[in-house]
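The structure under discussion appears below in the form of structure tokens.
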Amino acid sequence: MTCRVLLVDDDPAIREALGQSLELEGLEPVLAGSYVAAKDWLTPDFDGVVVTDIRMPGRDGFFLLDHARTVDPDLPVILLTGEGDIPMAVKAMGMGAFDFLEKPCGPRPFLAVVTKALKSRALVLENRRLARVVEKGDAAERMLFGQSVMARELRAQVRQIAHAGTDALISGERGSGTSKVAEVIHLLSERAARPFVKQPSGLLDADGLGRALEAAEGGTLYLDEVGRLAADVQAALLGHIEAGLNLRILAGTTKALDEEVAAGRLQEDLFYHFDVMAVRIPSLRERSEDIPILFRHFVAQACEQANLPQPEIGQQVIAGLMAQDWPGNARALMNAAMRFAMRLSDAVDDKGQGLAEQMAQVERSLLIAALQRHEGRAGETALELQLPRKTFYDKLARHGLRAEDFRTT
């Protein structure tokens, strides 16, 4: 059950007395002396209820009720009334107030009404969460393809970690999809409606860490290649974790972090914090039976992005794919699917093009697909394509592309 109570009253004595009653009951009071101090707490996912006095200087309790109803009609608002305000409070009930209490109010009736409101709010939020799950389907099935035993075990582990709600470590070879697994964990978790922030660790400083944590407030922060964090950033991260955070941190790595600890590049406490809950993504070599399924999916995706007809994938093509080790894993297979789709397009529609023109078209399509995957974030896109930043921007200019045109926010 939710347990936060936003208590709004301009009288400090009443605020403190009611706040103490809430704390003694194990609830979490948030005290505010005015509408202005309270309004920023009111969001559609506020995990609590509102108790407000009617008569306050400036914007009164009715104004706060109207605002709360606008933000979320299902957010319970309990009104505190003086002796002469009861007819007004009854009218407010018709406007959507949850209940009203006459001042002075004893702890027992106050806590009874608040507890009832909190149970109502908890039920609303849980129903919304379940509706989101139904609407999105099972993100593990939709985003983590494969029918091998290892693929099924991976999906089961991801669901377990998602429901556990703790920080976790995601390991796998380069290109295996650690960031995608992190996103699936977020989508399956209680934090699915809050931000999911992906942050490369290599160039992150302490200030950048603070901004990333702030951006992911209430949601999930994915730290890619956590073993590359600078020593001072590792110390800062541990400090934030120990202080308590209203977010979940998922750490990704392509390296054996116990070896990084032994080499003195990673703090032992940080390793043990994330290693408590860990998932390893199997390489394509270990689940080769999934290669045809993944390749067909990536080809279909590439054709949709580039507005190309769906090509036929013959057994000879599949046999060639199965014969490879795929050290680049899913990312390399995805790029191969893009090249396959583009070569077929050239053969059908662009027979007059020379090799240079065809290669340029393939390169442009790969750039577009990568920019779309990373929503125009140039640094992440260049990192995936393994291009120096200047080379990446030179290629964008050559193909008439701008990273900002692919941003969704």
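The values are calculated or read from the model by the stated rules, or taken from the named source; none is laboratory data. Predicted model, so just to flag it, every value in this text is computed and none were measured. Neighbour counts are summed over all protein chains in view; Cβ atoms, including those assigned to glycine, are modelled from backbone coordinates with ideal geometry.
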*Return the only residue of A235, A216, A251, A243 being in contact (Cβ under 8 Å) with a residue 60 or more places away in the chain and outside the structural domain of H374 (by TED's automatic domain parsing).*
A251
*What helices (runs of 4 or more DSSP H) lie completely within region 238-337 and have 1 or more residues being out of contact with any strand residue (DSSP E or B) (no Cβ under 9 Å at 6 or more places or on another chain) and under 30 Å from G218 (Cβ atoms)?*
268-275
*Using the structure shown, decide if F295 is farther than 20 Å from I185 by Cβ, aromatic (F, W, Y) and surrounded by 15 or more Cβ atoms within 10 Å (Cβ to Cβ).*
yes
*Tally of residues being in contact with an Asp or Glu (Cβ under 7 Å, 6 or more places away or on another chain) and hydroxyl-bearing (S, T, Y) across region 233-276*: 2
_region 11-30, residues that are over 15 Å from V114 (Cα atoms) and touching a residue at least 24 places away in the same chain (Cβ under 8 Å)_ = D11, I14
_Residue selected from region 54-66 under the condition of a type outside the set (K, R), touching a Phe, Trp or Tyr at 6+ places or on another chain (Cβ under 9 Å) and within 13 Å of A37 (Cβ to Cβ), by the criterion surrounded by the fewest Cβ atoms within 10 Å (Cβ to Cβ)_ = G58
_Show me the helices (runs of 4 or more DSSP H) found entirely inside region 129-213 where at least 1 residues are of a type outside the set (S, T, Y) and at pLDDT 95 or above._
149-164, 178-188
